[in-house]
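The values are calculated or read from the model by the stated rules, or taken from the named source; none is laboratory data. If you're wondering where the values come from, they're calculated on a predicted model, not measured in any experiment. Methodologically, a virtual Cβ is constructed for each residue, glycine included, from the backbone with ideal geometry; neighbour enumeration extends over all protein chains shown.
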Amino acid sequence: MKSRNPSFSKTAIAVAVAALVLPTQAATVSWTLAASGFWDTAGNWSTGAPQTGDDVVINVAGLQTITYRTGSLTINSLAVTNNIFDLTGGALTVSGAYTNTGTGATRLNGGALTLNGASTLDVLTLNSGTLGGTGAVVVNGASTWTNGTMNGTGSTVFNGATAVSGNGLRGIIGRAVTFAGTTTWTNTVN
């Protein structure tokens with residue numbers, strides 16, 4: 001009859017409990033494709049497509065468009081420099097900071113972008129979809145809003161010139177929105 005080694009069992013249990021208690025480190029995932037492409041294509045990234053909790057960096061030469069088109073994901077942070085982040089579907093939540101600076105832009109053409117940390121954008125185009133969350137969003141450059149919704153308990157401040165136009169439905173639900181720069185309104189606000 002075999003006897004069990006009680007010290008082995010206690011050690012295995014201690015290791016398993018420690019693994020559950022210790023926080024995992026967020027990975028930094030960088031866009032490496034020298035062209036435009038889809039967020040969900042693993043080969044476009046340094047370590048595969050971003051996963052929950054990752055810090056995401058998009059900073060490649062040229063004005064590339066990175067399109068988030070499907071799925072639901074929560075990442076820690078997103079830093080975009082001189083590139084276009086285009087949300088066309090799905091739901092992306094950024095728990096911490098989101099910055100999009102330089103010659104690029106943030107475009108919402110569908111889906112939901114939830115920003116729960118402080119965010120600074122140079123250009124925002126809201127054609128459809130939802131911009132929401134609990135974070136404070138500051139937009140410093142020229143922006144357009146033709147359709148879509150801004151919601152959540154956070155705030156959005158447009159410091160640059162903003163054009164609100166088109167026949168699309170626009171809504172503000174709970175979010176504090178300030179137009180601090182020159183704002184041109186064409187058509188009615190729905």
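Assorted remarks:
- Test for Gly168: is it buried (at least 19 other Cβ atoms within 10 Å of the Cβ) and either within 24 Å of Thr70 (Cβ to Cβ) or modelled with pLDDT of 95 or more (or both): no
- Subset of the range 157-169 [under 13 Å from Thr125 (Cα atoms) and either acidic (Asp, Glu) or part of a strand (DSSP E or B) (or both)]: Phe158, Thr162, Ala163, Val164
- Looking at Thr70, Thr47, Thr81, Thr106, just one residue is surrounded by fewer than 17 Cβ atoms within 10 Å (Cβ to Cβ), under 14 Å from Ser119 (Cα atoms) and out of contact with any Cys (no Cβ under 9 Å at 6 or more places or on another chain), and that residue is Thr81.
- Any chance Thr134 is within 28 Å of Val57 (Cβ to Cβ), of a type outside the set (Gly, Ala, Ser), surrounded by fewer than 17 Cβ atoms within 10 Å (Cβ to Cβ) and at pLDDT 95 or above: yes
- Selection of the range 53-92 for residues being closer than 19 Å to Asn109 by Cα, out of contact with any Leu (no Cβ under 9 Å at 6 or more places or on another chain) and assigned to a loop (DSSP other than H, G, I, E, B) yields Leu63, Thr70, Gly89.
- Among the residues of the range 112-135, those that are more than 11 Å from the chain's Cα centre (by Cα) and among the small types (Gly, Ala, Ser) comprise Ala118, Ser128, Gly129, Gly135.
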